[in-house]
Each structure stands twice: as C-alpha cells, then as structure tokens.
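So the structure is just underneath, and the comments pick up after that.
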C-alpha cells in the first residue's frame, strides 16, 4: 500500500481529494449544526423568559396571593402546560410559597435579575438523567409584597435530537467523501486516458517504427509539452538510428572492397602454379589491404569510444606552435616529395591532450598534403581568438563544391566519389578529427574560398 | 646448439586459435627463438613450470583456463614468477590492459598487430636491464658517431638533418631487426597512432638518397609488407 501510494498517481490524488471533500463536508456540517443548535437554545430561552413573564403577570392579578395560598393546584394548572416546566416562587424572606416540580429535580437558583430579565440572566443546569436544563429568576409583585419567581426547564428531547442530528451530519460527510473518492478515481481514470494511449504508443516503438509520432490532436494542453518532448526524442532517436544503420551499411561496403581484393587475388594466384616472386607480390599486396583494414578497425573503435566519452583526456597547456612544428616535421618528407612547402606561424597556448591533438593535426595535414596543388605552400597557423585557441591548416587545391563541405567530417565521406583508396586513406580521418574536437569541447570547421581550403580546430581555453 | 644465433631463447606461446598459434610458432622460430606452443592454458602452465622458458606470449581468451588465471598462476609460483609475460588481447578495453598489467604482465598487444611489432616487443622484454647506448655504431662502411651526430660512409661524411639522423640512429641501433612503420613513427616523431604509411616511406626515401643512393653498398632495405631494416648484407 505504501509502495502503491508512492507510485500510483490515481491513488494519491483520490486520497487527497477524498480527504478534502470529507473535511469540507464535516466542516460545513459542524457549522450548520452549531448554527442550528444555537438558534434552538435561543428560542428556548425566549420561551423560558415568556414563561417567567406569564408567571409574573399571573402573580400580578388581584387575588393572586389568595389563590396561591388556598388553591395552589389551580395555580399549578394555569402554570403548567408542559410537564418539564418547573416553577418556584419564593417570598422576600426566602420562604417557599410554591414549587411545581413533578420530577423532583434539583436545580440551582440564580440571583434574581429584576422585573424584566434578559437572556443573559439565564443559567444552565443538568438534570439527574444528564439532560440539559435552563433556569432564570426574576422578581414579581404579589399583592403588596415582592417575591422571586424561578422558572426552569429541562430539555430531555433536545440531547437526543442533537445526537441524531450529529449522526446524520457524520453520515452525510462520510457518504459525500465516499462519493468523492469514487468520482475522483473515475475522473482520473478518464483524465489519464491520454497518458495510457501515450504509453501504448511508446510500447509500439521499435527500430522499424521510429517514424511514428504521438498524435497531438485531442491531447490535453497539460500533456502537450510531454508529448512534444517525446516526439522530439523520437525524432532524435530516428536520426541517430538512421545515421547508425547508414554507418553500418557504409562499414560493410568499406570492408567489402578490401576483402574482395584479398579473396579474389589470392584465389587467382592459387589457380595456377606461380613463381616465388608472384607469391611474394601477392602476400605483400594482401598485407597492404590487411593493414588498411586494421587501421579502419582501429579508427572505428576510436570513434565508437569517443562517441561514448570513453576516451580519457589528459589535457595540459601546450605551446601550439611547437605542436604544429612537430606534425609539420613528421610530414616534411612527404610534402617535399610532392613539391610542397609547410609553413608554421602564429602562436598561443592550447589546452589539449597532446597525443590526440597530434592525431587531429596529423589527419588534417595528411588530408592537406594529399589535396594540395603541387608546388604550393600549406600554412599551419595558431592564434588566440577570444576564449579559444584556433589551430588551422590551409592549403590550395582543387576546389571542393560547397555541397560537399558540410559532409567532409562525416564518416567515409569522400568529396571525390571517383577517387580510389589507393592512397591508403580509410575515409575516417576527418571524422576522427571532429570526434577529438568534440572530446575537447571544441569544434572542427572547414572553410573554402575558391581554391583555398582551410580546416580549423577551435579549442576552448578552460 | 651453440651455433644458433641469440642462443635460441625459449619462448612459450599459449594460444588456442589454431592459425594464430601456427604463425606465431613459425614466425618466432624463423626469427631465431626456440618456440613451445600450448593450445590451452593448462598445458601452457605445465610447460612453463617444467621447462626453461624465458618469455611467455599469452592470449587472454583461452578455453578452460583463461589468460588471467594463467598469469596469476605464473606469478604465484616462485619458479615462474620472474618470466616476462606479453599478453595478447582482441578487446582493446582500458580495463583489460590495466588488469593485465596489474596481474603482473610486462607488456601487451592488441589484435590485430603487426608481426614485426610483436617481435620488437619480445626483443625489448628479453633485453633485460638498461640498454647500453653505443656511442659509435658501425654497419659496413658506415660509421655513426652518436654523440657528435656525425655520419660517414667510408671516408665521405654525410650531412643529415636532425630528423634524418634520428631515423638512421633508430634503424642502426636495431640493426638486423625489421622495424614497422608505426614503430618508426612512434620512436622518431612521437606519433603514437596508425598514421599515413606514406609518411614513413617518404622519410626513409629521403634518408636513402643521402645514405645509400650515392654508394653501391646499400644499407637500408625495405622488407615489403613489414617495414625497414638496416643491415650490411643485402641478400637476406
């Protein structure tokens, strides 16, 4: 129950709602009861005072003293009407002149409140059976003398009526609370229907049905943000999924070519007896293909890990120009063979993982050396730009169509579709650059201006 | 026996994958080691305890007794605790590497690896103690003065850039050993990732233009599909 209370919204809301209704109903009942009871007491009091007045008038008649003395029962008959009306008449000296008290109740005698007492002079008492009673005392003229008249009443029927009334109120409150609980549960069930249909829809989402979206029509406005968020999530998932499955397809394709080569050339070789030199050439060619596959696997693993943030960064401040210099040095031989010059310039401190920074720069430079015009200069530049340190590699070469630019960092994307893999590139170099920048919280970008192509790496300084 | 080079150091290969086991046995045997091959962990452990073994190449994924257990057992036994262990793993997970090194492995390689890379690691592990850096290296008529950074072939001095010298020094220091391109990239340029192989080829070509091209006796040789080696005897 406790666990359900914590988990079930319907139960929780129903309980709270029931409590509210029960409180409101009993509050209203108590208020009405008190108002009713107060009114009843007030009326009884007025009646009691009327009785007193009646006795006073009766005593004021000529011959009343005589009548009281000789025929007290006539007086009593005149007085009574209700059995539980008690009257006592006391002389000024305290002598009891008359006492109408059929049940022999004992009640206190309040001090006399004069000829015309108000409700304030009325006192309360309790009968022997525990019923409430009221009593009032006033003065009256009897013949020539002054007497005190005490009028009291017991209200036996009143406590029974009040008790019944209280029971009724409690019952009504309980019934309304119960009805509220029932209604609340029903309404909640109905009200939460969109949630259930949302859940039913979510249960249907599978890789193949990611294209489906929650229907916003008829959705309560409170649930709109949730439905929108879920739809946005579905859209992101779908995009990611499409990218991933596209990636798997690319991967299979990229693997297919080298594997086909390995298989084909080996089988052709084995079909006939060959010279040792032929076998050696085959093995060497196979090794080259296999090395490329191994590099591809290595790159893929790196990308997968980088995407899941599993690469541990050892960030440290590095002199950017030194790092550019090291990578330029590495590519110096290759650049020279292609008649290219490498120029490093600028300077700043860059906060980066040394090995990863080198890897990113090497990939950019490898790309630049491959595509630069013969005899041109590749410029490596580092500078501070606001809160970032930007390292860039710029080369001139065959222009890349603007349509391709945006995709250059995508895996296996090759701007020149016809270009073969003869140069040993895996098609993953630039996506590794972009992954390394993402790990650093930085950004890799490319700009093209005519024949000039500029790749830049922006590292945040903190 | 005495005629065998490197006095035929005994290497135990524990590997269950048949092809891998076979080529390791063959390759290491042809590289001058006496190779014992065990196809499962229990046999491997038995051989390590019973025979004079100087290094263990241990695959992590083994049937019955896995590589970690073998490693623990090796380190727990006083007779085998000092044997260097190089483990091979197909899972390049940081935890795997840390676990292996914590259990007392001396080095590791992630599959797929280049055979020359394995050979280089094995030689490093077997070359116990600090390596005495030679101050003067002679290969054929080439003389390298390491301290003064001067190179000459016969009477003729050869002027090299710092990069070229570092590359030549690495090749000469490990003369007779085939060095893979990635090892060269790592040692000379501190580039510890698989980069363009062309870069190393270009650098070696540049070095050769100065060291080999003007002379009839070639010293730097390409081992196709593997890497480069520096030695006097061109005929392998």
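The values are calculated or read from the model by the stated rules, or taken from the named source; none is laboratory data. Because the structure is predicted, anything quoted here is derived from the model rather than measured. Backbone-built Cβ (ideal geometry, glycine too); neighbour counts: all protein chains shown.
Residue count for segment B:95-106, restricted to those that are surrounded by 16 or more Cβ atoms within 10 Å (Cβ to Cβ) and assigned to a loop (DSSP other than H, G, I, E, B): 3. Scanning segment B:223-236 for residues that are within 14 Å of another protein chain (Cβ to nearest Cβ) and surrounded by 15 or more Cβ atoms within 10 Å (Cβ to Cβ) yields B:225, B:226, B:227, B:228.
Going through (1) part of a loop (DSSP other than H, G, I, E, B); (2) touching a helix residue (DSSP H, G or I) at 6+ places or on another chain (Cβ under 6 Å) one by one, residue B:73 falls short only on (1).
Looking at B:153, B:138, B:123, can you tell me which residue is surrounded by 12 or more Cβ atoms within 10 Å (Cβ to Cβ) and under 20 Å from residue B:213 (Cβ atoms)?
On the way: B:138 fails: under 20 Å from residue B:213 (Cβ atoms); B:123 fails: under 20 Å from residue B:213 (Cβ atoms).
Unique residue meeting the criteria: B:153.
Do the conditions hold for residue B:66, that is, is it more than 14 Å from every other protein chain (Cβ to nearest Cβ) and under 20 Å from the mean Cα position of the chain (by Cα)? In short, no. Scanning segment B:201-221 for residues that are within 10 Å of chain A (Cβ to nearest Cβ) and free of Cβ contacts under 8 Å to residues at least 24 places away in the same chain turns up B:201, B:202, B:205. Whether any residue in segment A:341-351 is in contact with a helix residue (DSSP H, G or I) (Cβ under 8 Å, 6 or more places away or on another chain), within 8 Å of another protein chain (Cβ to nearest Cβ) and buried (at least 19 other Cβ atoms within 10 Å of the Cβ) is what I want to check. No. Residues in segment A:349-376 that are in contact with a strand residue (DSSP E or B) (Cβ under 6 Å, 6 or more places away or on another chain) and either over 21 Å from residue A:436 (Cβ atoms) or modelled with pLDDT under 90 (or both): A:371, A:372, A:373, A:376.
Any residue that is part of a helix (DSSP H, G or I), touching a strand residue (DSSP E or B) at 6+ places or on another chain (Cβ under 6 Å), more than 8 Å from every other protein chain (Cβ to nearest Cβ) and crowded, with 18+ Cβ neighbours inside 10 Å - is there at least one of those in segment A:307-322? Yes, some residue in segment A:307-322 is part of a helix (DSSP H, G or I), touching a strand residue (DSSP E or B) at 6+ places or on another chain (Cβ under 6 Å), more than 8 Å from every other protein chain (Cβ to nearest Cβ) and crowded, with 18+ Cβ neighbours inside 10 Å. Within segment A:202-238, the residues that satisfy the criterion of being farther than 20 Å from residue A:190 by Cα, touching a helix residue (DSSP H, G or I) at 6+ places or on another chain (Cβ under 9 Å) and part of a loop (DSSP other than H, G, I, E, B) are A:205, A:210, A:211, A:212, A:213. Between B:64, B:26, B:75, B:49, the distinction of being under 24 Å from residue B:226 (Cβ atoms), surrounded by fewer than 17 Cβ atoms within 10 Å (Cβ to Cβ) and assigned by TED's automatic domain parsing to the domain that holds residue B:11 belongs to B:26 only.
The residue list A:117, A:110 contains one member that is touching a residue at least 60 places away in the same chain (Cβ under 8 Å), assigned by TED's automatic domain parsing to the domain that holds residue A:51 and outside any strand (DSSP E or B), which is A:117.
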